[in-house]
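The values are calculated or read from the model by the stated rules, or taken from the named source; none is laboratory data. Computed from a prediction, not measured in an experiment: that's the story for all the values here. As a convention, Cβ positions derive from the backbone with ideal geometry for all residues, glycine included, and neighbour counts pool all protein chains shown.
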Amino acid sequence: MSKSTISTFQLFQAFPNEEAARLYLESRLWPDGVLCPNCKSGERITTRKRVGFYRCNACGSFDFTVRTGTIFERSKVPLHKWLYAMYLLVTARKGISSLQLAKEIGITQKSAWFVLHRLREACSTPEVIAKLKGIVELDECFIGGKEANKHEHKKLRAGRGPVGKTAVLGMRERDGRTLLCPVNERTMQAITARIHGNIELGTQLYTDDGIVFSDLDGLFFKHEAVNHSAGEYARGAASTNSIESVWAVLKRGVYGTFHHVSPKHLGRYTDEFAWRLNEGNVKNHTLERLDSFVGAISGKRLTYARLIA
């Protein structure tokens, strides 16, 4: 077995029950001792009779657990099952379906679907993040069903290709981070705004000959395009092979694992795949990837009402 991963058997040995999982989560989220998730203070914390429950007397007798203020809040799924779901998400290259997760951890498919969306919420990119720089490849793909495969009453009859699909803009640093952004309004202005918002000025951009990238030449970026329509896929250092490899994995996950992804939830699915490429890189040890995931769960609560709204 690879030295960079652990088996499910080893995972179960490390976290055999909810108590072991609770202690691990507390050690990762509170490395310097118990902290109140409300006032962020650890000075006037007392334990309660129930194991794992704490009270903050500094902010008016506020009771909390390690679940409070995280994606686990108000969930009845045991913590060691949550950790196993995390393990499956960070190790499954093309994702895991809610039906498969339900069988793996012994909960209903509806609960598994909710668990996976909470985990994807933890994968979401914070609003304040360093912009991409260096050499960045740009491309877009389209997620959605083919017109020919739709029922007659659902066909748009407006052509083929991207008709009825949602565009996803991909930005990937060479040997660096990846950002995937669903784009509801596929216009040159909308695409350009996304690029300016996430890429440092002066960066070298490589794209294909798509019309939405034709406005990038100018003072803000160094831009070079490869002409895919003429059969050109690389010219010197210019290529989009790296970002296109992301589409290969994303589409295999959508078509082979999830089968259908609605535009409403597409952003969470793309966050999951981007996180696996960034923080969940397979070059890192499985436990390191699990630690990174745990570090991202605070402050990202997702309620069922908001999920289905």
Scope region 251-287; condition among the basic types (Lys, Arg) and without any contact (Cβ under 8 Å) to a residue 12 or more places away in the chain; matching residues: Lys264
Candidate set from region 223-254 (those that are hydroxyl-bearing (Ser, Thr, Tyr) and surrounded by fewer than 15 Cβ atoms within 10 Å (Cβ to Cβ)); member that is modelled with the lowest pLDDT: Ser229
Scanning for something under 23 Å from Asn278 (Cα atoms) and either in contact with a Lys or Arg (Cβ under 6 Å, 6 or more places away or on another chain) or surrounded by 14 or more Cβ atoms within 10 Å (Cβ to Cβ) (or both), does region 157-164 turn up at least one residue? no
Name the residue, out of Val183, Val168, that is touching a residue at least 12 places away in the same chain (Cβ under 8 Å), of a type outside the set (Phe, Trp, Tyr), touching a helix residue (DSSP H, G or I) at 6+ places or on another chain (Cβ under 7 Å) and buried (at least 19 other Cβ atoms within 10 Å of the Cβ). Val168
Those residues of region 124-150 which are part of a loop (DSSP other than H, G, I, E, B), touching an Asp or Glu at 6+ places or on another chain (Cβ under 6 Å) and either at pLDDT 95 or above or over 23 Å from Leu89 (Cα atoms) (or both), in sequence order: Lys131, Lys133, Gly134
Given the condition modelled with pLDDT of 95 or more, of a type outside the set (Ser, Thr, Tyr), crowded, with 16+ Cβ neighbours inside 10 Å and farther than 22 Å from Gly145 by Cβ, answer yes or no: does some residue in region 205-222 qualify? yes
Residue tally, condition within 23 Å of Lys251 (Cα to Cα), surrounded by fewer than 20 Cβ atoms within 10 Å (Cβ to Cβ) and either in contact with a strand residue (DSSP E or B) (Cβ under 8 Å, 6 or more places away or on another chain) or not aliphatic (A, V, I, L, M) (or both), over region 278-309: 4
Given the criteria in a loop (DSSP other than H, G, I, E, B), free of Cβ contacts under 8 Å to residues at least 24 places away in the same chain and farther than 27 Å from Tyr87 by Cβ, does Asp215 qualify? no
Filter result (basic (Lys, Arg) and exposed (fewer than 11 other Cβ atoms within 10 Å of the Cβ)) within region 43-60: Lys49, Arg50
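The rows are residues; the columns are (1) surrounded by 14 or more Cβ atoms within 10 Å (Cβ to Cβ); (2) of a type outside the set (Gly, Ala, Ser); (3) closer than 29 Å to Ser242 by Cα.
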residue	(1), (2), (3)
Thr108	no, yes, no
Ala130	no, no, yes
Lys150	no, yes, no
Lys155	no, yes, no
Glu173	yes, yes, yes
Ala190	yes, no, yes
Would it be correct to say that Thr178 is surrounded by 20 or more Cβ atoms within 10 Å (Cβ to Cβ), out of contact with any Ser or Thr (no Cβ under 8 Å at 6 or more places or on another chain), within 24 Å of Ala130 (Cβ to Cβ) and of a type outside the set (Lys, Arg)? yes
Condition set part of a loop (DSSP other than H, G, I, E, B) and among the small types (Gly, Ala, Ser), scope region 218-238, selection nearest to Glu200 (Cα to Cα): answer is Gly218
